């Protein structure tokens, strides 16, 4: 029986490490102008888990969970997202921009404009500095372009 070598953080994990901490999240479409909170932790520098909590537009409480890591074998970022407001598990495959500030995550999920259909999405995490980042969601259009429909702004609290 062979022993499996423990995973070690790669240079690509540095981007994810910047997400560790507690963040205040603001977005016009997140519900009644209320602020959400996200706490991100590292699992030995290999996997990162971010849990968000806040109120939906109808006032109902919601929780979201984002998981992210880097797969050296495929040279791609991988992850998932799920939230208590829906049953769909979003599965991500992504890449870091050349300047190292934006992680683009690609996924397929329910088309919010056409019930029963699927749509391709791109979500981007962009650091503007150590204490500020944005999260944007865009839907792929028939011509192949991306149309942004949501942006959340994150400010580090600790």
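The values are calculated or read from the model by the stated rules, or taken from the named source; none is laboratory data. Treat the numbers as computed from the prediction; the structure is a model and nothing was measured. Note: ideal-geometry Cβ built from the backbone for every residue, glycine included; neighbour counts use all protein chains shown.
Things worth noting here:
- Check on residue 103, within 26 Å of residue 14 (Cα to Cα), in contact with a strand residue (DSSP E or B) (Cβ under 6 Å, 6 or more places away or on another chain), in contact (Cβ under 8 Å) with a residue 60 or more places away in the chain and surrounded by 13 or more Cβ atoms within 10 Å (Cβ to Cβ): yes
- When 89, 68, 43 are screened for being over 25 Å from residue 130 (Cα atoms) and at pLDDT 95 or above, only 89 passes.
- No other residue among 52, 75 is out of contact with any strand residue (DSSP E or B) (no Cβ under 8 Å at 6 or more places or on another chain) and modelled with pLDDT of 95 or more apart from 75.
- In the range 91-100, the condition of being without any contact (Cβ under 8 Å) to a residue 24 or more places away in the chain, under 13 Å from the mean Cα position of the chain (by Cα) and closer than 16 Å to residue 14 by Cβ is met by at least one residue.
- If the condition is being within 18 Å of residue 145 (Cβ to Cβ) and part of a loop (DSSP other than H, G, I, E, B), then the range 91-106 contributes only 97.
- Scanning the range 74-90 for residues that are assigned to a strand (DSSP E or B), more than 12 Å from the chain's Cα centre (by Cα) and within 17 Å of residue 118 (Cα to Cα) yields no hits at all.
- Filtering the range 57-73 to residues that are under 21 Å from residue 124 (Cα atoms) and outside any strand (DSSP E or B) leaves only 72.
- Total residues in the range 52-74, condition more than 20 Å from residue 19 (Cα to Cα) and surrounded by fewer than 14 Cβ atoms within 10 Å (Cβ to Cβ): 7
- Flag if residue 34 is farther than 21 Å from residue 130 by Cβ, at pLDDT below 95 and either in contact with a strand residue (DSSP E or B) (Cβ under 6 Å, 6 or more places away or on another chain) or in a strand (DSSP E or B) (or both): yes
- Residue tally, condition over 19 Å from residue 96 (Cα atoms) and out of contact with any strand residue (DSSP E or B) (no Cβ under 7 Å at 6 or more places or on another chain), over the range 123-144: 3
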